[in-house]
Structure formats: structure tokens, C-alpha cells
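Have a look at the structure below before the remarks.
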Amino acid sequence: MRVTGDWLTDPGAQAVCAILLRAGHRALFVGGCVRNALLGLPVADVDLATDALPDRVMALAEAAGLRAVATGLEHGTVTVVAAGEPHEVTTFRRDVETFGRRAVVAFSTDMAEDAARRDFTINALYATPAGEVLDPLGSGLMDLAVRRVRFVGEPDQRIAEDYLRILRFFRFFAWYGDAAAGPDAAGLAACAAHADGVTGLSRERLGAEMKKLLSAPDPSAAVAAMEAAGVLARLIPGASAAALPRLARLEGDAPPRWQRRLATLGGDGGAAGLRLSRTDARSMAIIAAELEGSRPPAELGYRFGPWVASDVVLARAARAGELPPPGWREAIGRGVAAEFPVRAADLMPGLKGPALGRALKALEARWIAADFAPTRDELLR
């Protein structure tokens, strides 16, 4: 079996492969680029694996006139800049000892040892520079064909090595799994047994994983499995996956928005268990507050812009088990385009201070209630 794609024939990537092959070493593409290419999905990250030691990779790159950066020598990773692009090259490894998010590794010359330390079988696929796919575990290609996300080896052991793999299990199932078949039973049972492990992970990592999971085309089945395993409650107390399938139907062809999905889960909106950026946290706070409010779509568009307004309308409907109000998209559009025609100077010098603020607020409320129709002169009269 072979893979194809622009990433495979990229001059920079092929140049890095060439310097390793000429010196008698292996050069293999690995992980996400191979997996996604086989699924016909876009390839974002291109990683390379080799039996050459990191110092050797650096020496070969520099001898060929390429820039090499020691980005993670203790883990065997060297970044080689070729054709103006960085390429991560990592030496085959095997785990010696693990400490949750950290591991002591030994370098290896055996691709099978390298594959055995990876998280899921569908991520333990390799490809030669010519595109020939290698499956050292003998199960990655079959699992990929049936869209099964399965831990490499014993799920309990893989999770004990890194509890973040619990969230990765659900995230990869959301993106690559067969929702109708459900998650791998052994993997799900292991995640449930070790669910308490996620509470010791950094909130930044938890937030990043949840954002990726909720950005999948339809994360409903994955989040329902998280809830059944007791993982969702540990991340977002009080959250429920019940409304997500309804939201997915209401979204239709709308671009996925993890903020909308997170708000629909309810609970504390991720404020306690997930650390979000300031901008994301502000958006989530607005959405959470407006879900309990009654502003119509047009006013939501006027006050918060198209994305937050759409998030609120769809999340409200999904949680209520209803359809959004008729013409809600057009109403949001009117609100986004509207510009309040009265300025403070229009009411001065007759009004000032708090009285001026109250008058402006009252005029704006009247204008919004009239669907932004009154003109400046009509409002001032």
C-alpha cells in the first residue's frame, strides 16, 4: 500500500530524507501525516523518524548545508530546516521508565520498538520517502480501515504512562472513530478506571484537548462516551452531553465552533477544569450569561457580533429541544450591520453625567426594540 500527497513530495522533506538515506540510515514519515493521507484528509504536521542518533542527524544536516536545531535532544528530536521549512526528525525510541507526562527513553534502531511506545495503533504507521506504508504492529492499517481507535498494547499501561491519553482517546475517536460502532470497549473501560488521573493534569492541556475534540465535525458520540466513563464530570462539573446531538443537527453545514459545543454542555462552562485564553474565557462568559437571558437574535448580533450571537441562538435551541426562531440568521445580520445613530454630543449641553448616560441607554433600547428602524431625528424627537 502506498500514500501520496504534496507533503510526501515536498522538496524540503525529501531533502531531509536524502541526507539520512545517503548515510545508510532509515528515513520514515510517521504518525498523523500517514494516517490522514490514508483517510484522504488534509495533512497538517509532517514528522520523520530515523535510526540515526540525534547528534548524527545534526552532523549530516550541517554537512549538507542545512540548519539543524536541537529542539529536544533528550527525547531524540532535531529540527532540520530545509527549503525554508522546519522538519522534526526523531530517533526511534523505547521507554525505559515513565512518570505521567514525563518519560525516560532510550534510543533504538528498531522501528517496531518505536511503534510499541506510541499511543494508538492508527498513529503507529510509517511511510518510506517513496510512499510505501509500513505497519510494524500489524494492526494499524486494519484499525484505520474500520475507524477503530485502539491503544497500543495494554490500555491500562498506556494510560498510566500519560493520563492525557484519556482525553486523546476521546479526541481521536471524535475525529477518526466510527460513531455508530462506538469506542473500543477495552480502551473505554481503561479510561473509566483511570478517570481520576485527569484531575492531576494541567488545566492548559485539558483546555487544549477539549477544544480540539469539540472542533471535530460531530463530537456527540465521543462526548457521550466521556460522560459514560465519568471523565466529563471530572473536567466540567454538572456538564451533560444530552443536547450535543440536537446541536449537531441544528448546525447543519455551519462551521464547527467548539465554544458553541462547550456552552451547550452546561455545567460550569469549563471555567474551573479548563484554562482558556483571556479572549476565549470572555466569549464563554458572555455565551453562558446569554443562554440564561432572552435577548432576541438581532440584539445579540448588534451587541456581540455574528459568531457569539449564532452560538447563543443555536445553544439555546439545542438545550431547550426546540428550533431556533424563524429568520434568526437574517436577524443577526441586521444587528451586526446596525449602527446606533445618536451620539452623546446630540444630547448636550442639555444633559450631562449620569443623566446623559441614562438617556443614551433609553434611546438605544427604544431603537433596538424597533428593529433598528428609527432615524437619529426620530429618536431625538
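We did not get these values from a lab; they are worked out from the coordinates using the rules stated. A quick note: this is a predicted structure, and the numbers were derived from the prediction, not measured. Backbone-built Cβ (ideal geometry, glycine too); neighbour counts: all protein chains shown.
So for each of 58-70, 351-363, 76-88 I average, over its residues, the number of other beta carbons within 10 Å; can you give me the resulting order with the highest mean first?
76-88, 58-70, 351-363
Given the options 170, 123, 155, identify the residue whose Cα lies farthest towards the positive end of the charge dipole of the stretch 52-171 (+1 on Cβ of Lys, Arg; -1 on Cβ of Asp, Glu).
Farthest towards the positive pole: 170.
Give me the log10 of I(q) over I(0) for the stretch 1-145 at q = 0.12 Å⁻¹, as the Debye formula computes it from C-alpha points; what are the numbers?
The calculated log intensity ratios at q = 0.12 Å⁻¹ are -0.45.
Between helix 328-337 and the chain, what is the angle of the helix's C-alpha long axis to the longest principal axis, kept within 0 to 90° and rounded to the nearest 10?
Approximately 80 degrees, to the nearest 10.
What does the charge dipole of the stretch 1-145 about its Cα centre add up to, to the nearest 20 debye, if the Cβ of each Lys and Arg holds +1 and the Cβ of each Asp and Glu holds -1?
80 debye
Where Rh denotes the Kirkwood radius from the mean inverse Cα pair distance, what is Rg over Rh for the stretch 122-252?
Radius of gyration relative to Kirkwood radius: 0.99.
In debye to the nearest 20, how big a dipole does the stretch 341-380 give about its Cα centre with +1 on each Lys and Arg Cβ and -1 on each Asp and Glu Cβ?
My answer is approximately 240 debye.
Restricting to bridges with both residues inside the chain, how much of the DSSP beta-bridge set is antiparallel, in percent to the nearest 5?
Antiparallel bridges: around 85 percent, rounded to the nearest 5.
Based on other C-beta atoms within 10 Å, arrange 342, 198 from fewest to most.
342, 198
Picking from 293, 259, 48, whose Cα lies most toward the positive end of the charge dipole for the chain (charges on Cβ: Lys, Arg +1; Asp, Glu -1)?
293
Just how large is the dipole of the chain about the Cα centre, in debye to the nearest 20, putting +1 at every Lys and Arg Cβ and -1 at every Asp and Glu Cβ?
1260 debye
Sum -39500 (n - 2.57) across every DSSP H segment of at least 4 residues in the chain, then divide by the residue count to get the 222 nm mean residue ellipticity, nearest 500.
Mean residue ellipticity, 222 nm, calculated: -14000 deg cm²/dmol.
Express the Stokes-Einstein translational diffusion coefficient of the chain in µm² s⁻¹, to the nearest whole number, given a Kirkwood radius over alpha-carbon pairs, 10 °C and a viscosity of 1.306 mPa s.
This corresponds to a translational diffusion coefficient of 66 µm²/s.
For a protection proxy built on the mean count of beta-carbon atoms within 10 angstrom, sort 134-145, 243-254 highest first, please.
Descending mean neighbour count gives 134-145, 243-254.
Residues with amide H under 5 Å of residue 87's amide H, sequence separation 5 or more or different chain, H placed in the peptide plane at 1.01 Å from N; which?
Sorted by chain and number, the residues that satisfy this are 80, 81, 82.
In percent, what relative contact order does the stretch 22-117 have, based on Cα pairs under 8 Å that are 6 or more apart in sequence?
21 percent
Measure nothing but the geometry: give the 0 to 90° angle between the long axis through the Cα atoms of 54-63 and the longest principal axis through the Cα atoms of the chain, rounded to 10°.
It works out to around 90 degrees.
So what does the Cα-only Debye profile of the stretch 191-230 read at q = 0.32 Å⁻¹, as log10 I(q)/I(0), no solvent term?
-1.09
Straight-line reach from residue 352: which aspartates and glutamates fall under 16 Å, measuring Cα to Cα and dropping same-chain residues less than 8 apart?
Partners found: none.
Just order 36-48, 8-20 by mean Cβ neighbour count inside 10 Å, highest at the front, would you?
8-20, 36-48
Taking +1 at the Cβ of each Lys and Arg and -1 at the Cβ of each Asp and Glu, which of 181, 243, 356 sits farthest along the dipole of the chain towards its positive end, judged by Cα position relative to the Cα centre?
Result: 356.
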